[in-house]
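Working notes for the structure below.
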Amino acid sequence: MSMVTLTINGQKVTVPEGSTVLEAAEKLGISIPTFCHDPNLTKPGACRICVVEVQGARNLPASCVTPVTGGMVVETHSAAVLEARRTILDLILANHPLDCLTCEKSGACKLQEYAYEYGVAGTTFDGERHDYPLDDSNPYIVRDMNKCILCGKCVRACTEIKGQHAVDFARRGFETKVSAPLDNPLGESECVFCNNCVTVCPVGALSDKQLLGKGRAFEVEKEPVTCTFCDAGCEFDVVKRKGKVLGVAAKAAAVGRPLCLKGRLGLDFIHNPGRVNPPLMKDDNGQWVETPWEAALGLSEVVAKLARLKD
Ligand code: SF4
Ligand code: SF4
Ligand code: SF4
Ligand code: FES
């Protein structure tokens, strides 16, 4: 494999030919903001928040789709780059509800994170705003298209990972939106509830209904598990708060198999009051007391009954 050496922010880095400037910067530990980029999906180069300055170039190219070339000199945080990123954030916020106080995504939202990082407190543009109704028609996903930044990750995840193509871009210009076919609610689409789109959405436009209002990203823990309901072995995250399981979340695009309904629905038993508890044994006073399973199963009566059942 041939390698290419370039300079980013004054540091030399060598990466395989065909790498992007974004990947080369990541190798140096330099963080460039991204909205539409996902390493597991195709690259549309659509949002432009990842622009960088390349010596000799006439404009600021998007680093996620710009291949490295030998001797390239790149600045990821020059004055021109910072101004461009601030303008992009300003434009996004011109048509975005600033609902961070109550938004499910607060604390894990890329728009919120970058607005903070680049010091963009609101918009300087005064224009029309969308006022879409919430789409609550899907049993597992709530869609708030007023918060959508049109990055297209959900469309690509649904098509490229799940192969379902339940959503796509509809309409044109200011009216452009992500929609199910014929602009029907998501509940009337071919959606199979894998929730990959929710996982890849960088903002609060898509929320997991199962987890709604139960805690935000910084209040919950995620534990990776492999589903045992069938032999496919899907991997997903169990979402917990203070030790109590709240639900499950699909992993990032292309990490493991997309989650199916068995893994999503088979949760109720965990905290079900009807679940078998530790065995009880009557003590000499006739009171029920908890007994370890080893002791309970070792009781001659239990052993005899199990043996009879086996026979
Ligand atoms: S999507 Fe992000 S920026 Fe928008 S309201 Fe929610 S947390 Fe705030
Ligand atoms: S949940 Fe899965 S199938 Fe449904 S829209 Fe999202 S990615 Fe597509
Ligand atoms: S719903 Fe989320 S993932 Fe889909 S285009 Fe909008 S912001 Fe991007
Ligand atoms: S992240 Fe590069 S163009 Fe969107």
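The values are calculated or read from the model by the stated rules, or taken from the named source; none is laboratory data. Since we're looking at a predicted model, the values are computed, not measured. Neighbour counts run over all protein chains shown; Cβ positions are idealised from the backbone, glycine included. Note: accessible area is taken over every heavy atom of the protein model, side chains too, but ligands, DNA and RNA are not part of it. Shrake-Rupley method; radii C 1.70, N 1.55, O 1.52, S 1.80 Å.
So in the stretch 21-31, with the set limited to residues that are surrounded by fewer than 22 Cβ atoms within 10 Å (Cβ to Cβ) and of a type outside the set (Lys, Arg), which one is farthest from the chain's Cα centre (by Cα)? For the stretch 21-31, the residue satisfying everything is 28. The set of residues from the stretch 43-99 being more than 23 Å from residue 200 (Cα to Cα), of a type in the set (S, T, N, Q) and surrounded by 20 or more Cβ atoms within 10 Å (Cβ to Cβ) comprises just one member, 76.
Hey, any hits in the stretch 97-110 for a residue that's in contact (Cβ under 8 Å) with a residue 40 or more places away in the chain and more than 11 Å from ligand 1 (Cβ to nearest atom)? Lay out the reasoning, then the answer.
From the stretch 97-110, those in contact (Cβ under 8 Å) with a residue 40 or more places away in the chain are 97, 99, 103-110; that's our starting set.
If we keep only those that are more than 11 Å from ligand 1 (Cβ to nearest atom) as well, we get none.
Looking for residues that are in contact (Cβ under 8 Å) with a residue 40 or more places away in the chain and more than 11 Å from ligand 1 (Cβ to nearest atom), one finds none in the stretch 97-110, hence no.
Yes/no per residue for (1) within 16 Å of ligand 4 (Cβ to nearest atom); (2) under 26 Å from residue 50 (Cα atoms); (3) hydroxyl-bearing (Ser, Thr, Tyr); (4) in the same structural domain as residue 50 (by TED's automatic domain parsing):
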| site | (1), (2), (3), (4) |
| --- | --- |
| 99 | no, yes, no, no |
| 103 | no, yes, no, no |
| 119 | no, yes, no, no |
| 122 | no, yes, no, no |
| 127 | no, yes, no, no |
| 133 | no, no, no, no |
| 136 | no, no, no, no |
| 140 | no, no, yes, no |
| 144 | no, yes, no, no |
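Within the stretch 53-68, restricting attention to residues that are out of contact with any helix residue (DSSP H, G or I) (no Cβ under 6 Å at 6 or more places or on another chain) and in contact (Cβ under 8 Å) with a residue 40 or more places away in the chain, the residue that is farthest from ligand 1 (Cβ to nearest atom) is 67. How about the stretch 160-178: which of its residues are in contact with a Ser or Thr (Cβ under 9 Å, 6 or more places away or on another chain) and outside any loop (DSSP other than H, G, I, E, B)? Passing the criteria: 160, 168, 169, 170. Close Cβ contacts (under 7 Å, 6 or more residues apart or on different chains) running from residues in the stretch 18-43 that are more than 12 Å from ligand 4 (Cβ to nearest atom) to residues that are part of a loop (DSSP other than H, G, I, E, B) comprise 19/68; 24/68; 30/9; 30/76; 40/252; 40/253; 40/254. Being surrounded by fewer than 19 Cβ atoms within 10 Å (Cβ to Cβ) and at pLDDT 95 or above is a property that residue 177 has. The set of residues from the stretch 100-142 being out of contact with any helix residue (DSSP H, G or I) (no Cβ under 8 Å at 6 or more places or on another chain), more than 16 Å from ligand 3 (Cβ to nearest atom) and open to solvent by less than 90 Å² (accessible area, probe 1.4 Å) comprises just one member, 127. Scanning the stretch 177-193 for residues that are in contact with an Asp or Glu (Cβ under 9 Å, 6 or more places away or on another chain), away from ligand 3 (no atom under 14 Å from the Cβ) and under 21 Å from residue 36 (Cβ atoms) turns up nothing.
The set of residues from the stretch 199-239 being part of a helix (DSSP H, G or I) and open to solvent by 20 Å² or more (accessible area, probe 1.4 Å) comprises 199, 209, 210, 211, 217, 218, 219.
State which residue is most open to solvent (accessible area, probe 1.4 Å) when the search covers only the stretch 240-252 and only residues that are part of a strand (DSSP E or B) and over 15 Å from residue 196 (Cα atoms). Even if it seems obvious, please write down each step before you answer.
The first filter runs over the stretch 240-252 and keeps only residues part of a strand (DSSP E or B), leaving 240-241, 244-250.
Cutting the leftovers down to over 15 Å from residue 196 (Cα atoms) gives us 240-241, 244-246.
Values: 240: 46, 241: 76, 244: 105, 245: 30, 246: 31 Å².
Applying the filter and picking the extreme gives 244.
So, in the stretch 115-153, exactly how many residues are assigned to a helix (DSSP H, G or I), more than 16 Å from ligand 2 (Cβ to nearest atom) and more than 14 Å from residue 88 (Cβ to Cβ)? Matching residues across the stretch 115-153 total 1.
Within the stretch 30-83, how many residues are within 16 Å of ligand 2 (Cβ to nearest atom) and closer than 16 Å to residue 8 by Cβ? Of the residues in that region, 0 qualify.
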